[in-house]
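Shown next, in structure tokens, is the structure this report addresses.
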Amino acid sequence: MRQTWLPLAVALTMTAGAAFAEEVRVYNWSDYIDEELLTKFEAETGINLVYDVFDSNEVLETKMLAGGSGYDVVVPTGVFLQRQIAAGAFQKLDYSQLPNAVNLWDVIKERTAQYDPGNEYSINYMWGTTGIGVNTGRVAEILGEDAPISSLALVFDPANMEKLSKCGVQFLDAPTEMIPAALAYIGEDPNSHDPDVIAKAEPVLAAVRPYIQKFHSSEYINALANGDICVAFGWSGDILQARDRAAEADNGVEVAYNAPVEGALMWFDQMAIPVDAPNPSGAHKFLNFIMDAQNMAAASNYVYYANGNLASQQYLNEDVIGDPAIYPDAETLKKLYTTSPYDARVQRVVTRLWTKIKSGT
Amino acid sequence: MNLRRIFLILVPYLWLLALFLVPFGIVLKIALSDIALAIPPYAPTLDITAGWEGIKRFFAGLDFENFVFLTQDDLYWRAYLSSVVIATVSTIATLIVGYPIAYGMACAPRHWQPMLVMLIILPFWTSFLIRVYSWIGILSQEGYLNQLLLWSGLINEPLMIINTNWAVYIGIVYTYLPFMVLPIYATLEKLDGSLLEAAEDLGCSRSSAFWLVTVPLSRPGIIAGSFLVFIPALGEFVIPSLLGGSKTLMIGKVLWEEFFSNRDWPVASTVAIILLLILIIPIILFQRNEQKQREADQ
């Protein structure tokens with residue numbers, strides 16, 4: 001009888017030991033970090049890192065507004081961050097604990113300040129654009145060599161979409177990304193908060209709805225890389241990851257990303273600390289670790305997103321820093337637009353419109 | 001003696017209070033509130049420190065605005081209706097598949113039966129989510145089912161099953177089958193075999209004895225199984241979101257959207273309360289009917 005208690009006692013001591021070790025819980029986007037960085041953080045600081053992922057801002061926001069999420073670091077996109085700051089979901093950063101903040105890039109800090117004035121609550125992790133990913137070979141086969149792969153006409157002109165539907169087209173399941181894009185296509189202000197202007201996006205999206213295989217915000221990475229679909233309207237780095245995976249698999253699929261010439265949405269994913277974070281000092285350690293120039297460069301080199309860290313640029317691979325799809329040139333930068341958060345009333349109009357487009361009711 | 005009696009009655013009522021009435025009260029309270037940009041994202045919240053004034057202010061802030069709102073947009077009743085249709089069709093399909101299984105189990109030799117029950121329960125050992133996910137691999141265009149059908153020459157082009165309502169029906173029938181089989185099996189297994197013999201002695205053929213004796217006597221099992229399938233199927237979210245397409249309209253998905261995309265907890269709670277009413281009304285009607293029948297029998 002006595003021996004049977006031994007494993008139990010050992011298990012209890014171990015869990016008790018684990019409970020005493022310092023722990024940091026990070027909630028970040030899926031496919032968004034070089035996982036070697038996670039083990040490196042644990043090795044350097046001795047802190048246990050719990051790393052969970054999500055694939056939509058809405059899921060994160062619900063956790064933040066419910067309170068008591070138990071996370072120490074979360075990564076909302078700028079517009080969502082602004083609203084969550086207003087709701088009192090985050091605590092101000094203590095920059096004295098963040099010596100690596102000197103590495104941050106002024107150009108990006110200026111832009112993120114429109115969501116988080118003075119960058120008091122957040123630091124930029126990555127930023128990018130929302131645009132069009134194509135399987136170049138298949139699209140050229142279907143629409144010819146001069147297919148408009150860098151124009152919104154590729155995905156919003158029903159004539160093109162009807163042909164492309166044969167090889168598969170996916171859109172992001174994110175109304176706050178897709179509706180501004182549809183508005184940009186018809187020459188309206190993509191950041192309009194006027195329900196009458198927003199309503200104009202409906203016929204544009206409804207016209208191509210029959211040709212869209214799926215609305216999803218993460219599946220297209222694999223689908224594009226495997227050649228299951230030939231066009232995806234998605235986030236820059238995700239499409240570039242698909243390009244990389246296809247090249248690795250050597251399956252004859254060649255993926256290209258373009259920010260639409262009519263204008264593309266520029267977004268910023270910001271790291272912030274929830275107001276009720278169990279371990280704020282550990283959270284600061286994590287932020288400081290991420291802002292280290294080499295660590296940040298490793299993350300960007302891995303996920304193909306630009307970052308807001310100037311010092312990291314010297315460590316970036318040439319296919320990251322030199323790629324205008326990731327670090328846009330001055331010409332493209334001018335055409336990028338940003339959006340601001342909708343209030344509850346307009347948000348309801350937007351969500352309802354999105355449901356209508358997706359389900360046809 | 002009285003104390004013991006009170007205690008016995010108290011236990012189920014406390015259970016009901018803690019696990020049904022209290023959560024229901026919280027949801028109802030949120031349904032009567034208004035959306036707000038705060039943690040938690042609705043107003044008013046009860047401020048007990050302000051004493052009687054706080055309580056008065058709290059009740060003054062509640063209203064039925066959200067219930068009115070639901071009647072103004074046809075999305076909601078369409079979603080309720082479509083959920084009821086999907087749940088009803090799936091329940092009937094589960095019954096059609098499940099009854100023969102339960103019947104076969106009850107007819108099997110006694111010493112096999114524990115193992116057969118075990119086999120029915122066995123799928124629960126794997127996570128529900130993984131089992132639903134694996135159906136994507138079976139039903140997708142390059143999936144096993146399409147490959148099999150193509151190979152057998154029954155079809156020339158892969159069928160589009162995944163992302164349609166068909167996939168949702170398959171998913172629900174598969175997932176909830178044990179809930180149908182087990183209660184039916186439980187009633188069939190207790191069935192007195194001599195009744196069937198009597199029916200045959202009185203000139204019944206085997207098939208009419210089945211319809212006239214076995215089926216009516218297994219009615220409690222059929223009803224219990226149907227409720228166990230219908231109720232969770234009505235509010236199902238995981239199966240339609242994984243297997244269904246964006247055209248599949250179910251109240252579970254609408255609820256998700258209200259909660260996550262609109263951050264509108266009050267409207268989401270209102271949707272949930274109406275869903276509960278839809279479920280409770282048939283259950284009450286059914287129980288009344290049973291009660292009457294029992295009285296009539298006496």
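Read the figures in this text as sums done on the coordinates, not as results from a lab. Given the structure is predicted, the values throughout are model-derived calculations rather than measurements. Glycine gets a Cβ as well: all are built from the backbone with ideal geometry, and neighbour counts include every protein chain shown.
Starting from residues that are part of a helix (DSSP H, G or I) and either basic (Lys, Arg) or on the phi > 0 side of the Ramachandran plot (or both), keep the ones in the stretch B:208-264 and report whichever is nearest to the other protein chains (Cβ to nearest Cβ). My answer is B:Lys253. Just to be sure, is A:Met266 farther than 25 Å from A:Gly133 by Cβ, surrounded by 16 or more Cβ atoms within 10 Å (Cβ to Cβ), touching a residue at least 24 places away in the same chain (Cβ under 8 Å) and in contact with a Leu (Cβ under 8 Å, 6 or more places away or on another chain)? Here the answer is no, as A:Met266 does not meet what is asked.
Given the condition under 24 Å from B:Gly245 (Cα atoms), surrounded by fewer than 23 Cβ atoms within 10 Å (Cβ to Cβ) and not small (Gly, Ala, Ser), answer yes or no: does some residue in the stretch A:134-150 qualify? Checked the stretch A:134-150: no residue is under 24 Å from B:Gly245 (Cα atoms), surrounded by fewer than 23 Cβ atoms within 10 Å (Cβ to Cβ) and not small (Gly, Ala, Ser). Just one of the listed residues (B:Tyr42, B:Tyr80, B:Tyr76) is within 13 Å of chain A (Cβ to nearest Cβ), among the aromatic types (Phe, Trp, Tyr), farther than 30 Å from B:Phe179 by Cα and touching a helix residue (DSSP H, G or I) at 6+ places or on another chain (Cβ under 6 Å), and it is B:Tyr42. Taken across the stretch B:277-287, residues that are touching a Leu at 6+ places or on another chain (Cβ under 9 Å), over 25 Å from A:Tyr211 (Cα atoms) and in contact (Cβ under 8 Å) with a residue 40 or more places away in the chain do occur, with at least one present. Within the stretch B:45-73, the residues that satisfy the criterion of being part of a loop (DSSP other than H, G, I, E, B), more than 14 Å from chain A (Cβ to nearest Cβ) and within 36 Å of the chain's Cα centre (by Cα) are B:Leu46, B:Gly61, B:Leu62, B:Asp63, B:Phe64. Pairs meeting the criteria (first residue in the stretch A:131-145 and without any contact (Cβ under 8 Å) to a residue 60 or more places away in the chain and on the phi < 0 side of the Ramachandran plot, second residue part of a helix (DSSP H, G or I) and surrounded by 19 or more Cβ atoms within 10 Å (Cβ to Cβ), beta carbons under 9 Å, at least 6 apart or on different chains) are A:Leu143/A:Leu154; A:Leu143/A:Asn160; A:Leu143/A:Leu164. Restricting attention to the stretch A:127-155, which residues are out of contact with any Leu (no Cβ under 9 Å at 6 or more places or on another chain) and among the polar types (S, T, N, Q)? Scanning the stretch A:127-155 gives A:Thr136, A:Ser150, A:Ser151. Select from the stretch A:221-277 the residues that are of a type in the set (Gly, Ala, Ser) and in a loop (DSSP other than H, G, I, E, B) and list them in ascending order. Result: A:Gly227, A:Gly252, A:Ala259, A:Gly263, A:Ala277. Select from the stretch A:209-222 the residues that are away from chain B (no Cβ under 11 Å) and not polar (S, T, N, Q) and list them in ascending order. Selection gives A:Tyr211, A:Tyr220, A:Ile221.
Listed here are the helices (runs of 4 or more DSSP H) enclosed by the stretch A:290-361 that have at least 3 residues being within 14 Å of chain B (Cβ to nearest Cβ) and within 30 Å of A:Asp194 (Cβ to Cβ): A:344-359.
Quick check on A:Gly133: is it small (Gly, Ala, Ser) and in contact with a strand residue (DSSP E or B) (Cβ under 9 Å, 6 or more places away or on another chain)? Taking the combined requirement at face value, the residue satisfies it. Scanning the stretch A:297-323 for residues that are of a type outside the set (A, V, I, L, M, F, W, C) and under 18 Å from the mean Cα position of the chain (by Cα), we see that the one that is farthest from A:Gly131 (Cα to Cα) is A:Asn309. For the stretch B:79-94, the count of residues that are outside any helix (DSSP H, G or I) and without any contact (Cβ under 8 Å) to a residue 12 or more places away in the chain is zero.
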